[in-house]
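Below: the structure, in structure tokens.
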Amino acid sequence: MSTSDRLLNRPRLCAEHPIRIDDDTEARQEVEQARFTLALLQTQSEVDEGALKKARAALTRAQKKLRACYEWIPLRAMEVDAFEALVGQHKPRPDTADKVWNDETFPRACLLACDESGRSEADWEHIFKHVLNGPEQLELCNTAIRINARTPDESLPKGWARTGP
């Protein structure tokens, strides 16, 4: 596939947004310990393949345990035209801090349009009213907006892309 074909056939972005359901302290400690043990084994001059296999299995189990502490919300970006139409339906309000869209209504509308979990609008209303606090709501909605706005991945190092002539 050519570079041009890759761009022309780019799939809609998707993401899984984690919402913590259970205390993950113990699971995080297990992952950290398993990573440390594996790294220690890998730095030894004489590698015991059996111990490495056990350490990798322990890390996998710990990561699964950590993942189980979260509910993962599957999100998929809308078609570009649909996103632009949604922005148009939630125009900035005069005499507010709104710049691109209505900051009160657009984030939730974007989340609802991107959610692939099968939850209803009533489910989300309950979740926003009784389950998630303000920062959690903001982070979830921002994930939906980010995949549609196609903002750069913050984990990429500064200067990773060539921008100069």
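Here are a few things to note about the model shown:
- Residue within the stretch 93-105 that is buried (at least 17 other Cβ atoms within 10 Å of the Cβ), within 30 Å of Ile21 (Cα to Cα) and over 18 Å from the mean Cα position of the chain (by Cα) present: no
- Number of the exception - Arg108 against (1) farther than 21 Å from Gly134 by Cβ; (2) buried (at least 16 other Cβ atoms within 10 Å of the Cβ); (3) among the basic types (Lys, Arg): (1)
- Of all residues in the stretch 7-57 being assigned to a loop (DSSP other than H, G, I, E, B) and at pLDDT 95 or above, the one that is surrounded by the fewest Cβ atoms within 10 Å (Cβ to Cβ): Asp23
The values are calculated or read from the model by the stated rules, or taken from the named source; none is laboratory data. None of the values given here were measured: they were computed from a predicted structure. Please note: Cβ atoms are built from the backbone with ideal geometry, for glycine as well, and neighbour counts cover all protein chains shown.
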